[in-house]
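The values are calculated or read from the model by the stated rules, or taken from the named source; none is laboratory data. None of these values were measured; they are calculated from a predicted model. For neighbour counting, all protein chains shown are included, and Cβ atoms are generated from backbone atoms with ideal geometry for every residue, glycine included. In case anyone asks, the SASA skips ligands and DNA or RNA and just uses the protein heavy atoms, side chains included. Shrake-Rupley method; radii C 1.70, N 1.55, O 1.52, S 1.80 Å.
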Amino acid sequence: MMSSSAAAKIKRQAPSAESASRPALLLDWYDRHRRRLPWRPPAGERADPYRVWLSEIMLQQTGVKTVGPYFEKFVARWPDVGALGRASLDEVLRMWAGLGYYSRARNLHACAVAVLRDHGGVFPDTEEGLRQLPGIGPYTAAAIGAIAFDLKTMPVDGNIERVTSRLYAVEEPLPQAKPRIQQLAATLLGESRAGDSAQALMDLGSSICTPKKPACALCPLNENCAARLRGDQETFPRKAPKKTGDLRRGAVFIVTRGDELLVRTRREKGLLGGMTEVPGSEWLAGQDDKAALDQAPAIKGVSRWHRKTGVVTHVFTHFPLELVVYTAAVPSCTRAPEAMRWVPVATLADEALPNVMRKTIAHGLG
């Protein structure tokens, strides 16, 4: 049981003179423990807005370990926003393939084009200016503003959200608590080094204030952390029950012509827009195998489809998916149907294939 004095202390926990030293403690910890990341310059050097922007877009919904190699590939191919803005969308999608959430790649390219066309290849140095660019919302604008331009603003990502909600024991569940957490996180900004303050909180959440088993004894802000005083830090941030979409089902059709595979490009708009795929049915809740098979492409020489054993499963943000895989082989003289094309299996790595398509092709080709 918690003592009444401890409970009263937690109840009073809020931004005040008591928390005035937190920004200094945070920066002192950061100076000693900052992570080495490909997009982060050495201590004391100004961050490159292009590298900050590129990393922030890639890190949306994706972890640092996964992003690292993709970031290195991108900056090696396109060292600045002007080079990226002159690339084609297809090139960008091919380089992005496997990183997921492909609308980010389309927005990335559109943003680079806009910076090159409208700003002479130089990112705006205000949050308002940044938010006018494609794919840059409030969080990304704040992150670029703080880290690249040292604007006194606090971007709140998942790590900062967790640290702040624990520090002040924010009882309101997400996403309703976001405005309150934003206000509280802003109190952790120092008088200067806004970018370092934000990155310090990000690093703290990544290495110390982790979702499970946080290392509270090592935290520079542990003395007045409300959740730690209560002993229920792992329960923060509070979250509303997660809604899971209905299972969708469909079929894909793996057609080979010797060492070539039949593919097509998805429509620009919508899920996986502009990406490469093998022909397939619609993905619908409650769809049975016969209905999916009826949507097979009409290809000369294919009178019967061979169904592969098992199904391919994939989980998108809003729904899980199950795909039945059918295969067929056609003679070398067979033409591709309209809006489809043959590509060598050996060059599939160069195609903008999303992970779900890589899974189905691997399953279909055995």
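Do any trypsin sites (Lys or Arg not before Pro) in segment 134-212 lie in a loop, going by DSSP, with at most 15 other beta-carbon atoms within 10 Å of their beta carbon, and if so which?
Details: sites: Lys152, Arg162, Arg166, Arg180, Arg193, Lys212; in loops: Lys152, Arg193, Lys212.
For trypsin sites (Lys or Arg not before Pro) across segment 134-212 that sit outside H, G, I, E and B with at most 15 neighbouring Cβ atoms in 10 Å, the list reads Lys152, Lys212.
Per residue of segment 184-190, in order, report the coupling 6.51 cos²θ - 1.76 cosθ + 1.60 (Karplus, θ = phi - 60°) as ³J(HN,Hα) in whole Hz, putting x for Gly and Pro.
In residue order, the calculated couplings are 5, 4, 5, 6, 8, 7, x Hz.
For Ile147, what charge total do you get from the other residues with a beta carbon under 13 Å from its beta carbon, if Lys and Arg give +1 and Asp and Glu give -1?
Numbers: positive: Arg34, Arg40, Arg46, Arg51, Lys152, Arg193; negative: Glu45, Asp48, Glu56, Asp125, Glu127, Asp150, Asp157, Asp196, Asp203.
Residues close to Ile147 contribute a combined charge of -3.
What residues qualify as long-range amide H neighbours of Ala352, i.e. H under 5 Å apart, gap of 5 or more or another chain, H built at 1.01 Å from N?
Thr276
Specify which residue in the list Thr126, Ser165, Ala87 is farthest towards the positive end of the charge dipole of the chain, using unit charges on the beta carbon of Lys, Arg (+1) and Asp, Glu (-1), about the Cα centre.
Ser165
Just to confirm, what accessible area per residue do you get for the chain at 1.4 Å probe, in whole Å²?
Numbers: 18430 Å² over 366 residues.
Value for the chain: 50 Å² per residue.
Pairs Lys152/Lys212; Lys243/Lys308; Lys178/Lys242; Lys243/Lys290: which exceed 20 Å Cα-Cα? All intermediate terms of the calculation are to be shown ahead of the outcome.
Numbers: Lys152/Lys212 31 Å; Lys243/Lys308 32 Å; Lys178/Lys242 16 Å; Lys243/Lys290 29 Å.
Checking Cα-Cα distances, Lys152/Lys212; Lys243/Lys308; Lys243/Lys290 exceed 20 Å.
Which net charge results when you count Lys and Arg as +1 and Asp and Glu as -1 among the other residues whose beta-carbon is under 14 Å from that of Leu116? It would help to have the intermediate numbers written out before the result.
Details: positive: Arg86, Arg117; negative: Asp80, Asp118.
It works out to a net charge of 0.
Using θ = phi - 60° and the Karplus relation 6.51 cos²θ - 1.76 cosθ + 1.60, list the HN-Hα couplings for segment 95-103 in order, rounded to whole Hz, with x at every Gly or Pro.
For segment 95-103, the Karplus curve yields 5, 7, 3, x, 7, x, 6, 6, 4 Hz.
With a cap of 14 neighbouring Cβ atoms within 10 Å, and only residues DSSP puts in a loop, list the GluC sites (Glu not before Pro) found in segment 136-222. Display every interim value, and only then the final one.
Working: sites: Glu161, Glu171, Glu191; in loops: Glu171, Glu191.
Here the GluC sites (Glu not before Pro) that fit, given the DSSP loop and packing criteria, are Glu171, Glu191.
Starting at the first residue of segment 120-131, write each ³J(HN,Hα) from the Karplus equation 6.51 cos²θ - 1.76 cosθ + 1.60 with θ = phi - 60°, in whole Hz, x for Gly and Pro.
Rounded to whole hertz, the list is x, x, 10, 5, x, 9, 10, 4, 4, x, 5, 5.
Could you work out what % of the accessible surface of segment 153-258 is carbon and sulfur, using a 1.4 angstrom probe and leaving DNA, RNA and ligands out of the count? Spell out each step's value before the answer.
On the way: 2390 of 4780 Å².
Carbon with sulfur: 50 percent of the solvent-accessible area.
At most 14 other Cβ atoms within 10 Å and a DSSP loop assignment: could you name the GluC sites (Glu not before Pro) in segment 222-289 that fit?
Working: sites: Glu223, Glu234, Glu260, Glu268, Glu277, Glu282; in loops: Glu268, Glu282.
In loop regions of segment 222-289 (DSSP not H, G, I, E or B), the sparsely surrounded GluC sites (Glu not before Pro) are Glu268, Glu282.
Would you pull out the residues with amide H under 5 Å of Leu261's amide H, same chain only if 5 or more places away, H placed 1.01 Å from N?
Those qualifying (amide H under 5 Å, at least 5 residues apart or on another chain) are Val343, Val345.
First compute the accessible area of segment 73-126 with a 1.4 Å probe, then give the percent of it belonging to carbon and sulfur atoms.
On the way: 1150 of 2260 Å².
Looking at segment 73-126 in its full context, I get 51 percent from C and S.
Carbon and sulfur together cover what percent of the accessible area of segment 281-350 at a 1.4 Å probe radius? Intermediate results must be reported in sequence, preceding the final value.
Numbers: 2400 of 4430 Å².
Looking at segment 281-350 in its full context, I get 54 percent from C and S.
If amide hydrogens are placed 1.01 Å from N in the peptide plane, which non-local residues have theirs closer than 5 Å to the one on Leu174?
Arg238, Lys239, Ala240
Got the relative contact order for segment 50-163 handy, in percent, Cα pairs under 8 Å and 6 or more residues apart?
Working: 113 pairs, mean separation 26.8, N = 114.
Worked out over segment 50-163, it gives 24 percent.
State, as an integer percentage, the relative contact order of the chain based on alpha-carbon contacts under 8 Å between residues 6 or more apart. Before the final figure, lay out each step's value.
Details: 567 pairs, mean separation 59.8, N = 366.
16 percent.
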